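The values are calculated or read from the model by the stated rules, or taken from the named source; none is laboratory data. None of the values given here were measured: they were computed from a predicted structure. As a convention, Cβ positions derive from the backbone with ideal geometry for all residues, glycine included, and neighbour counts pool all protein chains shown. Heavy atoms of the whole protein, side chains included, go into the accessibility calculation; ligands, DNA and RNA do not. Shrake-Rupley method; radii C 1.70, N 1.55, O 1.52, S 1.80 Å.
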There are 2 protein chains.
Amino acid sequence: MTGAMKIGVAGLGTVGGGLCRLIETNGSLLAQRCGRSLLVSAVSARDRRKDRGLSLEGARWYEDPVSLAKDPELDVVVELIGGSEGVAYEVVATALSAGKHVVTANKALIAHHGTALARIAEEKGVTLAYEGAVAGGIPAIKTLREGLAGNRVTRVQGILNGTCNYILTTMRETGREFGEVLDEAQKLGYAEADPSFDVDGVDAAHKLAIITALAFGCEVDFDAIQVEGIRRVSAIDIAYAEELGFRIKLLGIAQRRNGAIEQRVHPCMVPKSAPIASVEGVFNAVHAEGDFVGRIMIEGAGAGERPTASAVAADLLDIARGAQLPTFGISATALESLPTLPMAEHRGAYYLRLLVVDRPGVIADVAAALRDEDISVEAMLQRGRAPGEAVPVVIVTHETGEAQMAKALARIEALKSCLETPRMIRIEQP
Amino acid sequence: MTGAMKIGVAGLGTVGGGLCRLIETNGSLLAQRCGRSLLVSAVSARDRRKDRGLSLEGARWYEDPVSLAKDPELDVVVELIGGSEGVAYEVVATALSAGKHVVTANKALIAHHGTALARIAEEKGVTLAYEGAVAGGIPAIKTLREGLAGNRVTRVQGILNGTCNYILTTMRETGREFGEVLDEAQKLGYAEADPSFDVDGVDAAHKLAIITALAFGCEVDFDAIQVEGIRRVSAIDIAYAEELGFRIKLLGIAQRRNGAIEQRVHPCMVPKSAPIASVEGVFNAVHAEGDFVGRIMIEGAGAGERPTASAVAADLLDIARGAQLPTFGISATALESLPTLPMAEHRGAYYLRLLVVDRPGVIADVAAALRDEDISVEAMLQRGRAPGEAVPVVIVTHETGEAQMAKALARIEALKSCLETPRMIRIEQP
C-alpha cells in the first residue's frame, strides 16, 4: 500500500457532487480494492457558499479550476466542468502537461480534442480516462478497450442518449406525438429546457465519435458524423414500425467499410427481436461486434449523478491500481486518420412513408421510381381506401444504396399525387 | 516496447485452438494494443500428430503439461485442460508457484480452488486471470472487478449456461417438452452426450461461485450454492409463464442479506419486460446491481471456441500491458468467509402448479393451507371445468418466505384431492 491518491475535482455540479459522495460512502471499500485510499484534496467550483451536502473537509478550495490543475500536490485531476472549449479544455491540457493523470466525463471535449489530448497524455506518460463521457455508468470504454482487446472490431452501435430513448419509448407506449412527450420529459427533468443538444443527436454524436476512435484505432473525428435527431419521428411511424415488427431507436453506428469509416447518428428501425430493441426509457446500450467475440451488448443507466460518478470512480481506481492504458487503446501517435465513407455509399434497407392521392396509377408511379433505381420492395402497406383523397402508403425495401434511394425519393416527391415530402427511416439489421 | 510475451498453452482443444488462431489472425493488432507481441512459445496436448489446422511454428512441445508449467522461458501459462482436480490444478499451481502469470478458462477449477490459488498468486506477485471461465466472451469479470469497482454490489444474477437457455428458449418457441428438445440440442451440438453437468445446473453454479466472490469480496464457496437444474421444467409451466407475463430462465443469483450470502441456481420466472428475459438461445448475460451504478446488464455468446478465446486473449493483453489486479478484486488474504443464508430464509414470490380433482372444497383446502402460513395469493388460474376429474390449478403468490412455502406445499401435497407433487417455481423481480 502506497500513500493516498490525491484527487482534485474541478466542477462540483451533479457529477462532481456524486463523485464526492461516492468516495465518502464507499471509501474503505475503494481502498481495499486499489490498495490505497482516494482523497479529495482539492476542489473548484463557482460558488463556494452553496450547500452541496458535502463535507469536503480539508480540501483546498480553488476559485480558478486552472490553478487547481497546476496544484503540485495532486496526483489526478477530475474535470467535470463540461463544454468542448474554454476552461474545461484548459484544465485538462494544463493538468496533463503538468504530468498529472486526468479523468473526465466531458464527451464534447473528448469528441473535439480527444486525439490532441491523448498525445499530450502519452508524451507525459500519464492517463487520460473518460469512462463517464460515454453512456454514464455503463463500462463501455473499458469493454471496448480491454474486454474486446483480442478482437478486430467490425461494428459498434449504441443507444447513446437517454433523453431520446425516453421520448421514443414514451411515444410508443402512449401513441402521443414528439412535442407533447418532449414537454412532459422537460417537466420530469429528463430533458433540458433547451433540448436541442439531445434531440438533434449532437450528444449521441459526441459519444459515437469517442467509441469509434476506440473501436477502430482512428483519430476522433466528430465532424465526420452524419447526424439526424428525432424531431421528425412521428407517432404514425412508430405505429407502423410496431406493425412491421420494428422499434424506432436513435442509434449511433460506426463501421469500417472499404478502408473508410462510416459514422452516423439517426433514427433507425430495428427488429423487435434484436437485443437493442428492448432497451427502453432512459437506459443506454452499447453493442459491439468483434471477429472472435461475436456480438456483445451492455446496457444500463446512461446518465445521472450516481451512475456517472460510478464511471469516474472506476477510472480513478484503474489509476490508483497503476493501470497504464493508451487513451484510445493504441498509441496516440499510431491512431489512423481514416477517410469518411460518404453517406451516399451507405447500404441498407429503408422504410418509406408517403402521403398520396388515392387514385389509379399512383402506386404504379411510385413503384416505377423505385424500379428504375433498382430498388426492390419487401413490403407495402396501404390502409383502407379513400378514392380521390390522401392516404398514407408505407413501403419497406430490400437492401439498396443511399444514393439510389435519394434519387428515387426525389422522383417520388416530384409526383403530383405525392402530397408531402416522403418520410424515410433507415432499417438496421444488427 | 519490451520483448515478446512468451505464452505456454496447456490444452489444445476447442478453446486452445481458438486462442492460437486468434493470436495468428490478430497478432499485429494485439501488439499495437499492448506494446509487445504475444508469442505462443510452448504448447502441450495429448496427441502431437492430430491436425488442428495450426502452424505452432517454433513452439516447444510438451507431452506433460506440468513440465510446460515449469518452463523457465515462459511469462504466462494458459491452462485450457479443464476439470477441477488432477492435472489442470497441478499445472496452475505449479505455474503460479514458479512465479508465472496464469490465465485459465477453467470454471470448475476456480469454483473449487479459487481462493487457495489466488493466495499463491498474491504471494508470488503474479496474476491469476479467468475471464474465459465465466460467460464465454462476455467481459463479466472485468465489468465486476473494474467497471463497477466504485460500487458496493448488492446483487448479481446471470444466465450462465447457454445449453439451458437454448433448451428453455426452444421449449417456449415450439411448445415441446424438455426431453425432446434436449435430444435435438444434442444432435445440434448445443448439449453434451452426457448433459447432466449443464442441465442440472452444476456448470452455472461454478460460474456463480466465481462471480459471487468477486462481487462481494468473499471466499469462493461452491458448496454453499443451492442448485436445481431444468429437467423438471415442463411445457405447461412455460405456457402458463407466458400467460402470466413471465419467461422461465435458469438463473444464478447471489445477494448479500443480513451479513450472509445467498447463492442459488434454479429455474426462475422473470417478468417479460426485464432485460434478462429477452436474452435468448445460447446467449448468456450477467446482471449486476451496485449502489451507484444502478443496474447494468451485459450479454453475449457464453461459450464456444472464438468467444472464449476472445476472453482469454483479453486476460493476456491485460498482463502484457502490465495490469496487476487482485484475483477477486481485493487482496486474497482479505477475502471474507461469509456465512451462507439458508434457503429456508429466502423470500420471494412463487408460482405453484397443482393437479387436483375438480370437486367442491378443493380450492378452499388449498387456500387454507396458504392462509395458515400467511401466504397471500396474487393470482389463481383454473382452466375449464371437469367435475370429478383432474384439473391443473395455477397460483401466483405475493412475497413470502421459503420456509412457509415449504410447509404450505407439504400440506397441499398431503391433500387427498392433490394428485401429484405440486410444481413450484420461484419468481424473481430483477
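Of all residues in the stretch A:362-383, those that are open to solvent by 30 Å² or more (accessible area, probe 1.4 Å) and in contact (Cβ under 8 Å) with a residue 40 or more places away in the chain total 3. Of A:A313, A:A260, A:A323, all but one fail to be surrounded by fewer than 23 Cβ atoms within 10 Å (Cβ to Cβ) and in contact with a Leu (Cβ under 8 Å, 6 or more places away or on another chain); the exception is A:A260.
Among the candidates A:H266, A:H287, the residue that is more than 8 Å from every other protein chain (Cβ to nearest Cβ), at pLDDT 95 or above, part of a strand (DSSP E or B) and touching a helix residue (DSSP H, G or I) at 6+ places or on another chain (Cβ under 8 Å) is uniquely A:H287. Can you tell me which residue within the stretch B:322-350, out of those that are at the interface with chain A (Cβ under 7 Å from one of its Cβ atoms) and at pLDDT below 95, is nearest to the chain's Cα centre (by Cα)? Ranking the qualifying residues of the stretch B:322-350, first place goes to B:L325. The single residue among A:G114, A:G150 that is in a helix (DSSP H, G or I), crowded, with 21+ Cβ neighbours inside 10 Å and not charged (D, E, K, R) turns out to be A:G114.
The residues of the stretch A:220-246 that are touching a residue at least 60 places away in the same chain (Cβ under 8 Å), under 21 Å from the mean Cα position of the chain (by Cα), open to solvent by 40 Å² or more (accessible area, probe 1.4 Å) and more than 15 Å from A:L160 (Cβ to Cβ), listed by number, are A:D221, A:R232. I'd like to know if the stretch B:132-145 contains one or more residues that are crowded, with 24+ Cβ neighbours inside 10 Å, in contact (Cβ under 8 Å) with a residue 24 or more places away in the chain and touching a Phe, Trp or Tyr at 6+ places or on another chain (Cβ under 6 Å). No, the stretch B:132-145 contains no residue that is crowded, with 24+ Cβ neighbours inside 10 Å, in contact (Cβ under 8 Å) with a residue 24 or more places away in the chain and touching a Phe, Trp or Tyr at 6+ places or on another chain (Cβ under 6 Å).
The single condition among (1) more than 14 Å from every other protein chain (Cβ to nearest Cβ); (2) open to solvent by 30 Å² or more (accessible area, probe 1.4 Å) that A:A386 does not satisfy is (2).
Kindly indicate whether B:A239 is among the aliphatic types (A, V, I, L, M) and farther than 22 Å from B:R423 by Cβ. Considered against the rule, which asks whether it is among the aliphatic types (A, V, I, L, M) and farther than 22 Å from B:R423 by Cβ, B:A239 comes out as no.
Look at the stretch B:74-87: where a residue is within 14 Å of B:A42 (Cβ to Cβ) and in a loop (DSSP other than H, G, I, E, B) and a partner is at pLDDT 95 or above and of a type in the set (D, E, K, R), sitting 6+ places away or on another chain with Cβ atoms under 8 Å, you get B:L74/B:K6; B:L74/B:K100; B:D75/B:K6; B:D75/B:K100.
Tell me, yes or no, whether the stretch B:402-419 has at least one residue that is in contact with a Phe, Trp or Tyr (Cβ under 6 Å, 6 or more places away or on another chain), at pLDDT 95 or above and surrounded by 14 or more Cβ atoms within 10 Å (Cβ to Cβ). Within the stretch B:402-419, one or more residues are in contact with a Phe, Trp or Tyr (Cβ under 6 Å, 6 or more places away or on another chain), at pLDDT 95 or above and surrounded by 14 or more Cβ atoms within 10 Å (Cβ to Cβ).
The residue of the stretch B:11-32 that is nearest to the other protein chains (Cβ to nearest Cβ), among those that are under 22 Å from A:F216 (Cα atoms) and open to solvent by 30 Å² or more (accessible area, probe 1.4 Å), is B:Q32.
Of all residues in the stretch B:290-306 being within 9 Å of chain A (Cβ to nearest Cβ) and among the hydrophobic types (A, V, I, L, M, F, W, C), which is most open to solvent (accessible area, probe 1.4 Å)? So the residue we want is B:A301. Within the stretch A:49-89, being closer than 14 Å to A:G8 by Cβ and among the polar types (S, T, N, Q) holds for one residue alone: A:S67. Do we find a residue being within 14 Å of chain A (Cβ to nearest Cβ), modelled with pLDDT under 95 and either on the phi > 0 side of the Ramachandran plot or open to solvent by less than 20 Å² (accessible area, probe 1.4 Å) (or both) anywhere in the stretch B:208-219? Among the residues of the stretch B:208-219, not one is within 14 Å of chain A (Cβ to nearest Cβ), modelled with pLDDT under 95 and either on the phi > 0 side of the Ramachandran plot or open to solvent by less than 20 Å² (accessible area, probe 1.4 Å) (or both), which makes the answer no.
Restricting the stretch A:247-262 to residues that are more than 24 Å from A:S234 (Cα to Cα) and part of a strand (DSSP E or B) leaves a set whose member that is modelled with the lowest pLDDT is A:R257.
The set of residues in the stretch B:249-307 that are free of Cβ contacts under 8 Å to residues at least 60 places away in the same chain and within 19 Å of B:I210 (Cβ to Cβ) contains only B:M297.
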